[in-house]
Each structure stands twice: as C-alpha cells, then as structure tokens.
1. Out of Thr241, Ala269, Ile116, whose Cα points farthest toward the positive end of the dipole of the chain (charges: +1 Lys, Arg; -1 Asp, Glu; placed on Cβ)?
2. Of the options Gly173, Gln143, Ile226, report the single residue whose Cα projects farthest towards the positive end of the charge dipole of the chain (beta-carbon charges: Lys, Arg +1; Asp, Glu -1).
3. Return the calculated 222 nm mean residue ellipticity for the chain, to the nearest 500 deg cm²/dmol, obtained by summing -39500 (n - 2.57) across DSSP H runs with n ≥ 4 and dividing by the residue count.
4. For the range 101-207, which GluC sites (Glu not before Pro) are in a loop by DSSP, counting at most 13 other Cβ atoms within 10 Å?
5. For the range 31-142, what is the charge dipole size about the Cα centre, in debye to the nearest 20, if Lys and Arg each add +1 at the Cβ and Asp and Glu each add -1 at the Cβ?
6. Please report how far the C-alpha centroid of the range 99-147 lies from that of the range 214-266, rounded to the nearest whole angstrom.
7. Could you check which residue among Thr268, Thr27, Thr216 shows the biggest mean-square fluctuation in a GNM of the chain with a 10 Å Cα cutoff?
8. With charges only on Cβ, +1 for K and R and -1 for D and E, what is the dipole size of the range 21-86 about its Cα centre, in debye, rounded to 20?
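Only the coordinates and a few stated rules stand behind these numbers; no lab work does. Remember, predicted model here, so these are calculated numbers, not experimental data. Positions of Cβ are backbone-derived with ideal geometry, glycine not excepted, and every protein chain shown enters the neighbour counts.
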Amino acid sequence: MDKVLSEKIADASRSRIDQLIKESYVTVNGESRASKYQVNPDDKIQVTFPQSKPLSLTAENIPLDIVYEDDDLLVVNKPAGMVVHPSAGHADHTLVNALLAHAPLSTINGEFRPGIVHRIDKDTSGLLMVAKNNFAHEKLSAQLKLHKTGRKYLAIVHGRFSEKSGTINAPIGRDPKNRQKQAVVAGGREAVTHFTVLEQFDNFALIQAVLETGRTHQIRVHMAFIGHPVAADPLYGPKKTLPGKGQFLHAASLALTQPHTGKELVFTAPLPEEFQNMLTKLRNMSH
C-alpha cells in the first residue's frame, strides 16, 4: 500500500506515507491497515494529511560575509554547508535567519523565503543576491529571467575533456526513479549550461560554467549527464571521488543592474579555502 500511495500522491515520499499509515491517518475501506497490505482494485483508500506544525522564522545572529549592500539589495558570499532558506528539514540556522537579523527583506517570495530571488544549493558556496524590498525583488527577478545576471560558477569535475568548451542544452525535471534528485528528462524544463575547461588535471578538471537558466541542481545534473560529474557530489557523483563535505562548486561571479539607478554591478568571490587547497593538490599530482 505504501508503494502504491507514494506513486499516486505527487508530494509524498514512501517514508512519509509509511509514517501516516503507522499513525492511522490512512484507512482502507474504513479500516486501518499496515503498509504491507496488498491493495485490491476496488479498495477505497482515504489519506488524511495532519496539519503540519507551522515554521516560525527567527532572526539569528549568524555572521555573514556581505560583499555589497545598498538600500535595495545585498550580495552575500554564502559558505558551503549553509542552507539558503528554511524548509521542513531545516527550520533554522539558514541564510534567511541570518539575513533577518541584519536587514528588512522583500516579502514577494512568501513567508519563509523573504528576500530570496534565487538560491544556491546547501553545499555550493558563493554569491547570492538578496532583495531588501519588493521593488528590487521584481527588478532582480526579471533580470534573472532575461539571463542578465552573469552568473559564473567554478567546479572541479571528473574526467578528461577532449574539447575546450561546450554548451549543454538538455531539459531538467524531477528524476522519476528518485524524488530527491533532478534528471535530464523528456518534457522537463528548458535548461542551458555553457562550460569552459580552465585546467585539465590527471582525472579531474577545473571548469567555469555559465548558467543561462537556473534549474534546481542544474550544473550538477548537466555535468553528470555529459559524463563529467562534479567532484564530491553526494547526489550525482560517483562513490570514488575527491574527499570533501559536498560538491566542489562555487558561485564565483555575479553581475546585476542596480534596480533604482540602472548601474551595472559586478561581484566576484574568491574560492573557499577547501576548494583552493584541493586545486593545489591536483596541480601537484598532475606534474
């Protein structure tokens, strides 16, 4: 039964369904049954989703590396390991909690993502723009949609390249086999990544990736798709990889237009120490 329900209910994982069955939120023909119950064609199954405990946002005094700030926006250099906004699994200690203690934020993106115009994954480090008011939020969102925010990433990826650069144009959607992952799927949302090989090591390379679209996990999915997964990526990479707490992926530069003045602003963030040390190691091993 838990398998059938997790396939039928879009947003519920099998473990969540299992938990609901154990807590008697699921009935078959009016009676509670175990997860292993074999479903019959005429069964009437009712699933009740209990009210979830509301998240509450607290401002937390977490140090932030603020690269730029004015009345409309801030640009933050996020450390690897920090989640951008609260969600069921991470209620606090996120970038948003830290930002709330620092400045007022826009409210367009809902209660739990104030100020957040775009995200980067928890283990990805680097630059993120944050809107302080709704006017700025709308302007920055529009720039993102028009690909006007030169977002450049640096990544260490597996393998050797025969080409110096390339473009990956492959649609991305949720992986039908694993709900935690994204994948290149027919009928997915358009996704375009341009990459350039900056340095080739023995079995790894340092690349720059430029995003034309901003799909969830886009660089990680696309690089794995062409056989060059990001090193130390726990979700899309091979088991045998470089030691690290998460993928070697860094949002190194960001360009945007100041919403009120129209001035072009360009920011860069140096590589985190762990990333830099790994490059030094790879360089030494390649000689």
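1. Checked the options; the winner is Thr241.
2. Ile226
3. Value at 222 nm, helices only: -5500 deg cm²/dmol.
4. Taking the range 101-207 and a limit of 13 other Cβ atoms within 10 Å, the loop GluC sites (Glu not before Pro) found are Glu111, Glu163, Glu190.
5. With only Lys, Arg, Asp and Glu charged at Cβ, the dipole is about 360 debye.
6. Cα centroid to Cα centroid, the span is 18 Å.
7. Thr27
8. 700
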